[in-house]
Each structure stands twice: as C-alpha cells, then as structure tokens.
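Here's the structure we're looking at; comments come further down.
The values are calculated or read from the model by the stated rules, or taken from the named source; none is laboratory data. Remember, it's a predicted structure, so these values are computed and weren't measured experimentally. Note: ideal-geometry Cβ built from the backbone for every residue, glycine included; neighbour counts use all protein chains shown. Ligands, DNA and RNA are stripped out before the accessible areas are found, and what is left, the full protein with its side chains, is counted by its heavy atoms. Shrake-Rupley method; radii C 1.70, N 1.55, O 1.52, S 1.80 Å.
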Amino acid sequence: MKNNLELAKYLLKISKKAYKFAEKQKLVVKDKKAHDLVTSYDFNIEKFLIKKLNADYPNVKIVSEEYNATVEAKGTYFAVDPIDGTVNFSNNLPDFGVQIAYVENNEILASVIYMPKCGDYIAGKNCGAYKNGKRIFINTKPLDHSLIELITPNSKSINNTVEEIKNNVMDIRRYGASCRIYTYLAESKLGARIDYGKYNVWDNYPGILLANEASCVTKEENNWLVTASSEENLNKIFEIINSKIK
C-alpha cells in the first residue's frame, strides 16, 4: 500500500479518468427517490472505479453508493461516491464531485474530492490537505461570525437544539453536496458542518479527512456529527446540543 499522500494522489488520478470516461457516454437522468436523482454518470463512474480499485487493491473491499451500499462500512475499505451532489450536477450547478476515501482499521487515511468545475482536493493522514497541489490551512473565526451548514430532519425532538444553534452562528447555508461543504470548511469559507442522524461514509469521510488535515476538528456523539473550524467552536456547538438533551 502506498503512503497516505501518494495513495490520495492515486485516488485523484483514477477519479479524473473515471469522470472522463463517463463524459464520453450518453447522459441519462432518472428519479432515484423523492427529491433525489441518479444519472448515468453515477453508474459509469462507479463501475470504472470499482474495476480499477479491484484490480489494484484486490484485497480491499469497496463500500459505494450505487453498487455496494449494503457492504458493511467497517474495518478496511474504500468508500466511493461517484457523483456527490447529483441534483446539482443534473441542474448544471458546479457544486458536485467524485469522492473516495481509504479507511484502514476504521481510520480514514487518504481521500480525494475531485470537483471538475471547482478544483482538485486531496488529503493524507498526517500529510496535510491540498487544493490543486497547494497545501491549505484554515483561518478560524468565532462561531457567531461563522457561516455553517446544518443538516437535520424536521423533528420535534431536536427543533429547540436547531434553533439554539442558529442563534449562535452568523447564518446557515445549504449547498446540496458534502464535497462542497467540506472543501469550503478546509478553505475557511464555512465554520462548521453539523449533521444529525444516520449518514453514509461515502458522503462524509473524504471531506472529514480533508477538513481535519486543514486543522478542523470532528466529533461524533449522540447521533450528532460535527466538523468545526476550531476546538473552541466544536465545544460550543456540543454545549448547545447537550444543554437541550432531555
């Protein structure tokens, strides 16, 4: 196995090849479920990546959105999201990307977020976060001067928590793609991503490593998954959350 950063570079290389492969095929867009879409790009990119990863790393399982969603995300595996932000992609918005994370013994070690319209992002555990080959670091702002992404269901059990979080930040933004959220975190354009409930590893793991290698911090507790620009902001968010738990 390559070292963490070299593996991330490899993942970027095959992500670009997979996207170019999909571009040569006819684009087909279908309904996946209510308020969600799936495209031929999703299937073609994922097929390409599965074939390549299986050839180069035959002993590593793959957890992926379209073909391997039921594979247990545990131990050592690649997490693959062929098009994160499919609805954005289908509506000609630039906020979409190919995402892959390599997880070894339940630890995220390498990741790529390839956003064809926005840039290349890679990260290696203890090796840093990079955009278009240049290392990136965050500049921390206080929580009340930060824009955040807040992803929660409409649930009475957490509505008070959600309102209190909103009262303690500058404002809320919605981008419709985890790749955009985490890259903005790593580039100091957002101060936190706050997520409640069950999530998919292919949505979050590539970006979590990128953000953390740019000096963000992540904590998961009581069904809340939070990545914030500083330990202080992370602690403030969980103070709010825990104060509302009955």
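Only a single criterion out of (1) in a helix (DSSP H, G or I); (2) at pLDDT below 95; (3) in contact with a Gly (Cβ under 7 Å, 6 or more places away or on another chain) is not satisfied by ASN160, namely (3).
Take the stretch 32-55 and flag every residue that is among the aliphatic types (A, V, I, L, M) and at pLDDT 95 or above.
Initially, the stretch 32-55 is screened for residues among the aliphatic types (A, V, I, L, M), giving 34, 37-38, 45, 49-50, 53, 55.
Scanning the stretch 32-55 gives ILE45, LEU49, ILE50, LEU53, ALA55.
Residue check: HIS35 meets all listed conditions (1) within 19 Å of the chain's Cα centre (by Cα); (2) within 19 Å of ALA177 (Cβ to Cβ) but one, namely (1).
Listed by position, the strands (runs of 3 or more DSSP E) inside the stretch 3-91 whose residues that are in contact with a helix residue (DSSP H, G or I) (Cβ under 9 Å, 6 or more places away or on another chain), within 22 Å of LYS117 (Cβ to Cβ) and open to solvent by less than 60 Å² (accessible area, probe 1.4 Å) number at least 1 are 36-39, 77-84.
ASN154 meets all of the listed conditions (1) in contact with a Ser or Thr (Cβ under 9 Å, 6 or more places away or on another chain); (2) not in a strand (DSSP E or B) but one, namely (1).
For the stretch 92-102, state whether one or more residues are open to solvent by 10 Å² or more (accessible area, probe 1.4 Å) and under 15 Å from the mean Cα position of the chain (by Cα). Yes, the stretch 92-102 has at least one match.
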